[in-house]
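Below: the structure, in structure tokens.
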Amino acid sequence: MATAPSTYRNAPAIVVSKLAQLRRKLTGWILVHGLGRWLVVLLAILAFDMLLDRVFKMDFSQRLIMLVVIAGITAVYFFWQVLRPLSKRPNDDSLIYEVEQKNPELKENLISSWQLSGQQDLESLGISSELATATINSGISKAEQINFNAALDLPHHRQNWAILLCSVLLVGLLGYGVMQTEFLRTWFNRNILLTNDQWPQSTYLEIAGAENGKLVLPRGADYRQLVVVTGDSSIQDVAVSLEIDNSTARTIHAMKPTGKLDGREHSHLFHNVSSVFRFRAKGGDAVTPWVDVELVEPPAVIDLKLVELLPAYTGTPSLPLSGNGPHSILTGSSLQISALVNKPLQSVYLKFEEQRFDLKQIADSLDFNIVLNPADLRGGEYQFELVDQTGLTSIRPSKFTLTLKEDQPPKARASLLGISGLVVPRAMIPVDYQFSDNYGLQRLFFDCHWKTGSEGNEKSFDPQLEFAKFSTPLQSQQPSDKNGESDSQPASEAVRDVKDVAVLDLKPLKMEPGISFRFSVAAEDTKPDSPNVGKSQEFLLRVVTDEELRADLLRREIEQRKAFEQAYEKQMQLATDLLAITSREVPPGTDEEAFKTLRESELIALVREQKGVGTSVARVADRFEEFLVEVKNNRLDEAENELAPGQKIEARFDLGIIQPMRQLDEELISLATRNVDNCRRAANQAEELLAAVDATALIHQQILSEMKKILSAMSDSENFQEVINDLLEIKGGAKQVGDGIEEKLKPKDIFEDKEIFDE
């Protein structure tokens, strides 16, 4: 079929007029035919969309896809059924041919007349002009008699009109239904306007926390999502589930009833939310729209600095604390807290139990700080509360723990030097002491207690017994400035550790023999108002007379002589055993190896015994040194030196006993120990053993000889000490008698009664 009409300048007017009328009728026929079917298809697609959404409750994306599909299908179908046929316009020859087909009686006269009227030069074609004119006139006369419009399919056209009118009516009813009925309006809003209206249903669900289809959660948090079956639901007892859609999969999780709101509230826990996703709730016939989860960084402390500001008396201005603790804070200290956060915040609080402290921001930075005064510091857990500018709070609050500690008393250790359990009233007591304190020592003193008089009155610490004093450290702690930084002057160096020897002189205390004397060394720290006092162990001494202490010293001297005699006897026995062991032959019938093993073990025992002799000698020498120091500490040598200036106790003990013992132990006994060991080594070589035994025996003789001299010196010292004690006792008795006689012979003061001279 031609696509454009033909033009004939000499065409009959009647034919041209009827062809134009037919062309208009054809356009109307095409429009009615195409629009009717297009509306039918559109209504069918809308009905399918309505059914699909009502049954499956499509989400927004599905409804959007359906709307695009509907628009695409209807646009293509409109083009195919309406626009495309209108663009295919038939030419005049085609229309006349269709008229000829509907009117067989024309016998092609009409089309012949039409074609001949368009020719310009009939003679050149061999056609008679008279015949052509007759044919044209015949065609015109027949054209006047027939109806060109009958060439169209009029029954089909009426059917098309019926389809079009019914479709328009249905469209009108659909529009009316959208405005008047809830069902159609819900469909129109959901699928055409793409709103979130819900279909009428028996159960309605509400997702807590979601706004405008979005839920904002802090990254990394555990979040408990609640879904509530609304109170206007006709069916409320339904199982609710969450459909979760993320980048990897779509899963469904059953929610658990919380037991609240008459069982209408359900929950599900999102663990460690670290990536975006979306979810919707399903329950009964209800399906909620998708909710998109957006993640934001929660506010957090990324750097925490704690500095303990100690009291001035400690001499330490500040002490940095590392980590979250627990930190031990000295009572009376302040705490400087600096926190660096990860984002701008609306507020920063430090919470302890029911108390809250507001941290101050430093300029426009992300740093916040505060200084807690001593009154605000208590033991327990402190926690930061952070709120960002959107109202989001921290999910894992930063915290630290404090414990308060009291300033402990100084630690003290002490031991007596050259003092036994007995002392005389004028004794000097050397004390080896060691004190340490965390923050500084202020003074050291003797803490003494004893009872005097018949009533047993208690006497204690005397200020005169202070034996050391230190300057306290100076520290000026000013209030913190607006940034929480403290202005502190440098502190002087505090004495925290001290080790020395102090001497307690009993003479100024004027104690009488017979009392029990208790004392310890004590230290006072630098804590103001109520200093802590640390004491060593308590020493208990009994105050005796010079005679009692000399008698006790003599008794202990005799005990040590007896101990030395035992060492002498042990040395003699050792020399005898060495000769017996080394000279013994292998008994008949005895295994030689067993004999050698036994002899070696016996020689090893002799080596140990020889070392034991040296230990015993050294121990006795130590005791005599202690006796000598004790005599000097108790000032007993003063009276002895007056009676026998040429027999001082230093000469008797040191030159006659102590030094010979030291020399004996360090030279001869140690040499004897090595020689006995040489005998053990040469036990299996006869000649070497004989030489070793001879050398050892010679040394043993020297040891025994020296030990005899020492024993003799000990005996002489004891005898001399007994004589000295007797002489001092006699001298003391004579002095008492003389003092008594002098008291008796003393003339009475005749002016004792002073009232004689009173006016």
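The values are calculated or read from the model by the stated rules, or taken from the named source; none is laboratory data. Keep in mind that this is a model prediction, so the values were computed, not measured. Neighbour counts are summed over all protein chains in view; Cβ atoms, including those assigned to glycine, are modelled from backbone coordinates with ideal geometry. SASA here: full protein model, heavy atoms, side chains in, ligands and nucleic acids out. Shrake-Rupley method; radii C 1.70, N 1.55, O 1.52, S 1.80 Å.
A Stokes-Einstein calculation at 25 °C with viscosity 0.890 mPa s, built on the Kirkwood radius of segment 197-238 over Cα pairs, returns a diffusion coefficient of 200 µm²/s. Compared with the alpha-carbon gap, the fully stretched path from L690 to R24 is longer by 224.0 nm at 0.36 nm per residue.
To the nearest 0.05, how large is the calculated FRET efficiency for V171 and L366 if R₀ is 56 Å and r is the Cβ-Cβ distance? That pair, V171 with L366, gives E of 0.35.
Would you mind counting up the charge near D292? Only other residues with Cβ under 9 Å from its Cβ, with Lys and Arg at +1 and Asp and Glu at -1. Here the charged neighbours net out to +1.
Ranking W161, W29, W199 by solvent-accessible area of protein heavy atoms (1.4 Å probe, all protein chains present), from largest to smallest, gives W161, W29, W199. Across all C-alpha atoms in segment 354-448, the radius of gyration and Dmax reach 26.6, 85 Å. Here segment 228-312 is treated as a sphere whose radius is the Kirkwood value from Cα pairs; by Stokes-Einstein at 37 °C and 0.692 mPa s it diffuses with a coefficient of 204 µm²/s. Here the extension length gained between A47 and F467 equals 140.2 nm, from 0.36 nm per residue of separation less the Cα-Cα distance. As a calculated quantity, the FRET efficiency between S705 and V629 at R0 = 35 Å, using C-beta atoms, amounts to about 0.75. One Cα centroid belongs to segment 257-323, the other to segment 389-434; the line between them spans 43 Å. Ranked from largest to smallest solvent-accessible area, with a 1.4 Å probe on the protein heavy atoms, I163, I73 come out as I73, I163. Mind checking the full-extension length gain between S601 and V503? Use 0.36 nm per residue of separation minus the Cα-Cα distance, one decimal, nm. That pair, S601 and V503, stretches by 30.1 nm at full extension. Take the Cα of W290, step 7 Å toward its Cβ, do the same at R681, and the gap between the two points is 9.6 nm.
Students often get this wrong: which residues of segment 42-66 have the backbone nitrogen under 19 Å from the point 7 angstrom along Cα-to-C-beta of K214? The answer is 60-61, whose backbone nitrogens lie closer than 19 Å to the label point. Magnitude of the charge dipole for segment 17-87, about its Cα centre and with charges confined to Cβ atoms of Lys, Arg (+1) and Asp, Glu (-1), is about 540 debye.
Along the charge dipole of segment 526-613, pointing to its positive end and built from +1/-1 on Cβ of Lys, Arg, Asp and Glu, which listed residue (T590, I558, S601) has its Cα farthest out? Result: I558. Of the listed residues F384, F79, the order by accessible area with a 1.4 Å probe, largest first, is F79, F384. Translational diffusion coefficient of segment 170-279 at 10 °C, 1.306 mPa s, Stokes-Einstein with Kirkwood Rh over Cα pairs, in µm²/s as a whole number. Taking Rh from Cα pairs, D becomes 97 µm²/s.
For the pair N438 and T576, what calculated FRET efficiency results from E = 1/(1 + (r/R0)^6), where r is the Cβ-Cβ distance and R0 = 56 Å, to the nearest 0.05? Computed FRET efficiency for T576 and N438: 0.35.
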